[in-house]
Amino acid sequence: MFLCNCSFFACSSKNELESGEIVPSELNFSIEVLHSDNEYPNGDGNGLIEITANAKATTRYKITFGDGNEIENSTGKASHTYTSVGTKTYTVSVIAYSSTNNSISDSTTITMYVKEPELNLVWSDEFDTHGTIDAAKWTAEIVPPDNEINWWNGEKQHYTERLDNLYVSDGTLKIVAKREDYVYVNSSNESIKKEYTSARIKTQDNYEFTYGRIDVKAKLPQGEGTWPAIWMLGANIDSINWPACGEIDIMEHWGHNAGIVSSATHNTACSGGCSDVTVGETTLPDYATNFHIYSVVWTEEELRFLIDDELKYKYKPNTKNNNNWPYTKDQFIILNLAIGGNWFTIDPNFSASTMEIDYVRVYQ
């Protein structure tokens, strides 16, 4: 399908001719979107176009495709593939040059559709062993921040790597939050008594990646005070700290807000509740009785959060404030189940609850 046939005419003045200058004239060019038809006028998703340009008195052409790419040749013919996913409009321009470097130009806009690229499974944990987690993939975090009695956000649990709180059985990972009397020794060699234990594991230093899709099939715990999360942090957190490293919350749930799961981001533009930033809240009544697949598709241009492959929330860079987009570097995965926080309480009758993970899969 030819989207356009563009023409531009120019005439040489007597003075130009007398001075020996050669000016191109009668520039015209056409653009064909390959694999397009009435159903797919912007192409079938491959992003392919072909351009044919010609002009009189011309020795070379410069073709600019509008996506940061350009080409120069003597034929005026070029093929190009757009790669930015989605339906987008580009300005295509052609400049025709003569042997004396005089030029004429013309441009037009085209709209192209580019489909999602094919994804391949590059990393996963199917939790098909029995007992402890795979140490080649995960590290259990058991040491709270220095000089802190609680973890961040006022969490009340102590994370352990005991099988009481963290184990694999029957094809799933179990992270168990329990109410119990537990004593640990902090970095100041002080004995700290805790009422709750749980677990938090991460892929930091084992597996870190930039861009792709992550799917986590999980069944969530229930009970007021529970706070399960499936999320990611920038691998450069130790050098630039949080929130500059960027945080991607694929799934969070608070037991006191039963039936509502959410997705969110944190960065230097917004870390926490911000009036101009929304989160992807979704009603999910069976969060604790059925497994659901919580996903994020992370590209250079946006974060798309899904539940059971249904889009729930998008987050994009702010062209006026790029502080909201640190998501250009490696991140690692975290799974945890916290108990309590600064802004909510724990059921006084809480005894135990479990987050169950069937698999974690990364595609690129």
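The values are calculated or read from the model by the stated rules, or taken from the named source; none is laboratory data. Only a predicted model underlies this, so the values are computations on that prediction, with no experimental measurement involved. Positions of Cβ are generated from backbone atoms using ideal geometry, with glycine treated the same way; all protein chains shown enter the neighbour counts. Accessible surface is based on the protein model in full, side chains and every heavy atom, while ligands, DNA and RNA are left aside. Shrake-Rupley method; radii C 1.70, N 1.55, O 1.52, S 1.80 Å.
Summary table below
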item	result
Arg179 accessible area, 1.4 Å probe, all protein chains in place, Å² to nearest 10	100
Assigned charges on the beta-carbon of Lys, Arg, Asp, Glu; segment 106-220 dipole about Cα centre (debye)	400
Amide N of segment 76-97 lying under 13 Å from the label point, which is placed 7 angstrom from the Cα of Ser105 along Cα→Cβ	91-97
Per residue, in Å², the accessible surface of the chain once ligands and nucleic acids are set aside, probe 1.4 Å	49
Segment 137-253, relative contact order [Cα under 8 Å, separation at least 6], %	22
Summed residue charge, Cβ within 10 Å of Tyr184's Cβ, Lys/Arg positive, Asp/Glu negative	+1
Charge dipole magnitude, Cβ of K and R +1, D and E -1 - the chain, Cα centre, debye nearest 20	440
Which of Asn257, Ile192, Ser239, positive extreme of dipole for segment 180-257 (C-beta unit charges)	Asn257
MRE, 222 nm, helices only [DSSP H, n ≥ 4, -39500 (n - 2.57), over the chain, to nearest 500]	-500 deg cm²/dmol
Packing-based ranking, highest mean first, of 331-341, 36-46 given that Cβ atoms within 10 Å are counted	331-341, 36-46
Ranked packing of 301-314, 65-78, 196-209, most packed first, by mean Cβ within 10 Å	196-209, 301-314, 65-78
Ser271 versus Glu195: modelled label distance in nm, points set 7 Å from Cα along the beta carbon direction	2.9
13 Å beta-carbon shell around Phe127, net charge (K/R +1, D/E -1)	-2
Length added when fully stretched, Tyr184-Lys56, from 0.36 nm per residue minus Cα-Cα	37.7 nm
Average Cα contact separation per residue, the chain, under 8 Å, 6 or more apart, as relative contact order %	16
